[in-house]
Structures are given as structure tokens and as C-alpha cells.
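*Asks:* Provided herewith is a single structure, encoded as C-alpha cells, for subsequent inquiry.
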Amino acid sequence: MTARNIDGNALSAKLRENFATEAATLAQAGVTPCLVVMLVGDNPASAVYVRNKVAACEKAGIKSLKFEYPADATEAEVLARIAELNADPSVHGILVQLPLPKQIDEDKVLEAISAEKDVDGFHAENFGLLLQGRKSFYPCTPWGVMKMLESENVPIKGAEAVVIGRSNIVGKPMAVMLLSQGATVTVCHSQTKDLAFHTRRADIVVAAVGKPKFLTGDMIKPGAVVIDVGINRLLEGPDAGKLCGDVDFDSAREVASLITPVPGGVGPMTITMLLGNTLESARRAAGKA
Ligand SMILES: NC(=O)C1=CN([C@@H]2O[C@H](COP(=O)(O)OP(=O)(O)OC[C@H]3O[C@@H](n4cnc5c(N)ncnc54)[C@H](OP(=O)(O)O)[C@@H]3O)[C@@H](O)[C@H]2O)C=CC1
Ligand SMILES: Nc1nc(=O)c2c([nH]1)NC[C@@H]1CN(c3ccc(C(=O)N[C@@H](CCC(=O)O)C(=O)O)cc3)C=[N+]21
């Protein structure tokens, strides 16, 4: 079998079709949707993502502001700006690009963002609501994955789902969303004893590990759906400089039924869901949600 791709660019384009109209309607009602992205330090990968986010906002008619801080910025400086943005009614979304330099406490910064403006869905309040199955801002990457599965009518109820990775921003919320939708979920991580034992049983495998070509075809059940969240920039070899996922695409696609490519898979969906959350926040501010 050769798997079919789930095209994250095409699905994103479809979902973003109405965004500009919605943004214009809100603007007419006096609420111009606005996302603020904060970038601390000079991580080149982060700079690229921030640029992508800002460009996507512009296309969708969402105002975006970028605040950049040097790598030696203090936690107090960052927190002061967040307090200012929390109080500013013209701002609907605040995103602090991760990772942060080590002198800054990530948890403290994420908790400082007002839950109503937490369009990343990383605040403890929003994460708690997600766990309880209540409405919140959902983390963009796992939510984008759910939309990809939905677009292909992949059955979730009763499916065996394996998530590799247990981070707060991808693995954990991904597992919770699959669980809420009725999958039987196994979460694997660096302490898992026999990873392939788990992945070979899975109808749906999500790889969020941060290791290029980590999940190979021999670890996948024939006909499984393979979701590659990984975004790794290759540093050496013939493909140096190119992006590569956590899945060994060539071997995996011979075994899977559906697979997400990198680039053009989960990445663009993350940005789409971020724009969606920002519009939702603006709608709430306009009293139209
Ligand atoms: N497409 C997108 O929009 C996004 C992509 N990403 C990408 O997704 C990937 C994961 O990101 P993130 O969750 O933030 O990464 P983290 O580094 O925070 O988490 C990685 C997870 O993988 C687990 N892991 C590491 N090594 C192994 C192993 N040998 N076997 C099994 N599990 C292992 C870790 O386990 P342990 O907890 O035990 O250490 C950890 O839970 C990265 O490539 C990142 O760039 C991230 C965000 C958005
Ligand atoms: N607070 C915070 N929120 C995040 O959502 C967040 C973050 N910090 N830190 C870093 C990760 C990573 N991430 C990506 C978003 C888009 C692409 C993306 O657009 N990828 C495209 C192309 C990228 C390219 O060409 O470089 C693709 O896969 O096709 C990738 C990765 C969001 N993250």
C-alpha cells in the first residue's frame, strides 16, 4: 500500500477562506482582530515561525504586532509587557513564542497571559477546561491535527491511538483530544520500554518527538493513519537546510493508509487554528461569540 497524503496547505486554505470576511465584519463593528506575538532572543527557527504567523495574519485581515526582546531580556520586562497587553482592549490574542531563554520562567510567563487572550491555549485555566471537556482555547497544533483527521473522516471512536511525546504543548493535549473523541489512547515518551510494541497496535499514530525520521515503517501497523508533528531542520547530509518530520516518510508511506507530509502538513494547520482562535477571541470581545 502507498499512503495518501493529508494536505495541510489545502485544508488550511479551505478553513481560512472565510477568515478575511469574518475579520472585516468584526472590524466594521468596531473590533479589529489583533494578535500580538512576542519573541525573546535570536533563535532563528522561532524567527521563521513568527514571520509565518505575521504574514498569515495579514492575509486574513487580522492585525498583528510583533514585540522583540534581546536574548538577555529579563523576566520582569516580559511580564510588564504582558500586563500592558492584558489591559489593552484592542488586543485579542497574546502569543509568547517558545522556547524562552533560561533566565525566564516559562510557566510564569504563560500564566501571566490573560486566559481570555491565550490563543495558544497554553494557560493552566484553558488546559484545565480542555481536560474537563469544557470550552476553552484549544492548543493550536493538536487541534489542527483533529481537524485533519476529521477532514478525512478517520474514525476516532474506538480507535487505538498512540501519541509519541508528552509535552504540554503537543503530546498531552493531543492525547486528551483523542480521548475526548472516543479513542483508546496510549501516550509514549522517552521512558517507554518497547515503543514499537505500542505503535504497531495503533490505528492512529501521532509523532511529536523532535527527532528526525524517528518513526519508521516497520513500527507502523499496515493501514494506520500517521500524523507527523515534528519540525526538524536538517543540519547535515544531502538535505541539509531542509525541513524534516519525526516520521521516516519514505518507509512509513509504504505501510500507512494516510500520512501527513513535512512541510505542508501539521505546520500550516497550527497557524490556521491560531488565526481561528484570534478571531474567536475578537468575536467574544465584540459580544458576538
Ligand atoms: N507542526 C507544528 O506546528 C509544531 C511542531 N512542533 C514540533 O514537534 C516536535 C515535538 O515538539 P514538543 O512536544 O514541543 O517537544 P518536546 O521536546 O517538548 O517533547 C518531546 C517528547 O518526545 C519524547 N521523546 C524524546 N525522545 C524519545 C524517544 N526516544 N522515544 C519516545 N519518546 C521520546 C519526550 O519524552 P520525555 O517527556 O520523557 O522527555 C517528550 O515527551 C518537535 O519536532 C517540534 O519542533 C512543535 C510544536 C508545533
Ligand atoms: N507559543 C508558541 N506557540 C506555537 O505554536 C509554537 C511555539 N510557541 N514555538 C515553536 C512551535 C513550532 N510551531 C510551528 C508553526 C508553524 C509551522 C509551519 O508553518 N510550518 C510550515 C513551513 C515552515 C517553514 O518552511 O519553515 C510547514 O510545516 O509546512 C511550523 C512550526 C509553532 N510553535
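The values are calculated or read from the model by the stated rules, or taken from the named source; none is laboratory data. This structure is a prediction, so every number in the text was calculated from the model and none was measured. Every residue, glycine as well, gets a Cβ built from its backbone with ideal geometry; the counts of neighbours run over all protein chains shown. All accessible areas refer to the heavy atoms of the entire protein, side chains included, with ligands and DNA or RNA removed. Shrake-Rupley method; radii C 1.70, N 1.55, O 1.52, S 1.80 Å.
*Asks:* Enter the accessible area per residue of the chain (Å², integer; probe 1.4 Å; all protein chains in place).
*Replies:* Working: 13610 Å² over 289 residues.
Ligands and nucleic acids excluded, the result is 47 Å² per residue.
*Asks:* Relative to the Cα centre, what is the charge dipole magnitude of the range 139-266, using +1 at the beta carbon of each Lys and Arg, -1 at the beta carbon of each Asp and Glu, and rounding to the nearest 20 debye? Mind dumping the intermediate values first?
*Replies:* Working: 13 positive and 13 negative charges, 74 e Å.
That gives a dipole near 360 debye.
*Asks:* So which GluC sites (Glu not before Pro) in the range 230-289 end up in coil per DSSP with only 15 or fewer other C-beta atoms within 10 Å? Present the calculation step by step, with values, prior to reporting the outcome.
*Replies:* Details: sites: E236, E254, E280; in loops: E236, E254.
Counting only loop positions with at most 15 other Cβ atoms within 10 Å, the GluC sites (Glu not before Pro) in the range 230-289 are E236, E254.
*Asks:* For the chain, what does the helix formula give at 222 nm: sum of -39500 (n - 2.57) over DSSP H segments with n ≥ 4, over the residue count, nearest 500 deg cm²/dmol?
*Replies:* Details: 11 runs with 114 residues, N = 289.
After summing the helix terms and dividing by residue count, I get -11500 deg cm²/dmol.
*Asks:* Dipole magnitude of the range 29-117 about its Cα centre, charges +1 at Lys/Arg Cβ and -1 at Asp/Glu Cβ only, in debye to the nearest 20? All intermediate terms of the calculation are to be shown ahead of the outcome.
*Replies:* Values: 9 positive and 13 negative charges, 97 e Å.
Its charge dipole is roughly 460 debye.
*Asks:* Can you give the FRET efficiency to the nearest 0.05 for T32 and L79, using r as the Cβ-Cβ distance and R₀ = 25 Å?
*Replies:* On the way: r = 26 Å, r/R0 = 1.04.
So, using R0 = 25 Å, E works out to roughly 0.45.
*Asks:* Quick check: residue separation of R200 and K14 times 0.36 nm, minus the Cα distance between them. What number comes out in nm?
*Replies:* Details: separation 186, 0.36 × 186 = 66.96 nm, distance 3.28 nm.
Full extension of this stretch gives 63.7 nm more.
*Asks:* Counting only protein heavy atoms, what percent of the accessible surface of the chain is carbon or sulfur at a 1.4 Å probe?
*Replies:* With neighbouring chains kept in place, the figure for the chain is 53 percent.
*Asks:* Counting DSSP beta bridges in the range 168-270, what percent are antiparallel, to the nearest 5? Intermediate values should be presented prior to the final figure.
*Replies:* Working: 2 of 9 bridges.
If I count the DSSP bridges inside the range 168-270, around 20 percent turn out antiparallel.
*Asks:* Treating only the Cβ of Lys, Arg, Asp and Glu as charged (+1, +1, -1, -1), what charge dipole size does the chain show about its Cα centre? Round to the nearest 20 debye.
*Replies:* Working: 30 positive and 33 negative charges, 134 e Å.
Here the size comes out at about 640 debye.
*Asks:* Cut-off 10 angstrom, C-alpha nodes, Gaussian network model of the chain. Which of A208, A87, A161 fluctuates the most?
*Replies:* Maximum fluctuation in the GNM of the chain, among the listed residues, is at A87.
*Asks:* Then there is this: When N counts the residues of the chain, how does its alpha-carbon radius of gyration compare numerically with 2.2 N^0.38 Å, as a ratio? Walk me through the numbers on the way to the answer.
*Replies:* Working: Rg = 19.0 Å, N = 289, 2.2 N^0.38 = 18.9 Å.
Compactness ratio reported: 1.00.
*Asks:* Oh, and also: Modelling each spin label as a point 7 Å along the Cα-to-Cβ direction, I'd like the A240/S190 distance in nm, to one decimal.
*Replies:* It is 2.7 nm.
*Asks:* Name the residue from A55, L95, L79 whose Cα lies farthest towards the positive end of the charge dipole of the range 29-117, charges +1 on Cβ of Lys and Arg and -1 on Cβ of Asp and Glu.
*Replies:* Selected residue: A55.
*Asks:* If the range 85-174 were replaced by its equivalent ellipsoid, with semi-axes equal to the square roots of 5 times the Cα gyration tensor eigenvalues, what would those be, largest first, whole Å? Spell out each step's value before the answer.
*Replies:* Numbers: eigenvalues 145, 50, 26 Å².
They are 27, 16, 11 Å, listed from largest to smallest.
*Asks:* Of the chain, which part is the longest with no trypsin sites (Lys or Arg not before Pro) in a loop (DSSP not H, G, I, E, B) and with at most 15 other C-beta atoms within 10 angstrom? Please report the intermediate quantities before stating the final value.
*Replies:* Values: sites that count: K102, R134, K135, K157, K193, R201, K242, K288.
Within the chain, the longest run free of exposed trypsin sites (Lys or Arg not before Pro) spans 1-101.
*Asks:* Hey, another quick one. Given 20 °C and 1.002 mPa s, compute D for the range 29-117 with the Stokes-Einstein relation, Rh being the Kirkwood radius over Cα pairs; round to the nearest whole µm²/s. Working shown, then result.
*Replies:* On the way: Rh = 13.5 Å.
Stokes-Einstein gives a translational diffusion coefficient of 159 µm²/s.
*Asks:* Here's something else I'd like to know. When the expected Rg is taken as 2.2 N^0.38 Å, what fraction or multiple of it is the alpha-carbon Rg of the range 165-289? Write down the numbers at each step before the final one.
*Replies:* On the way: Rg = 16.4 Å, N = 125, 2.2 N^0.38 = 13.8 Å.
In units of the globular-protein estimate, the range 165-289 measures up at 1.19.
*Asks:* To continue, here is another question. Cα centroid distance between the range 220-289 and the range 81-111, in Å?
*Replies:* 25
*Asks:* Rounded to the nearest angstrom and ordered from largest down, what semi-axes does the equivalent ellipsoid of the range 12-75 get from its C-alpha gyration tensor (root of 5λ)? Mind showing how you got there, number by number?
*Replies:* Working: eigenvalues 153, 43, 7 Å².
The equivalent ellipsoid of the range 12-75 has semi-axes of 28, 15, 6 Å.
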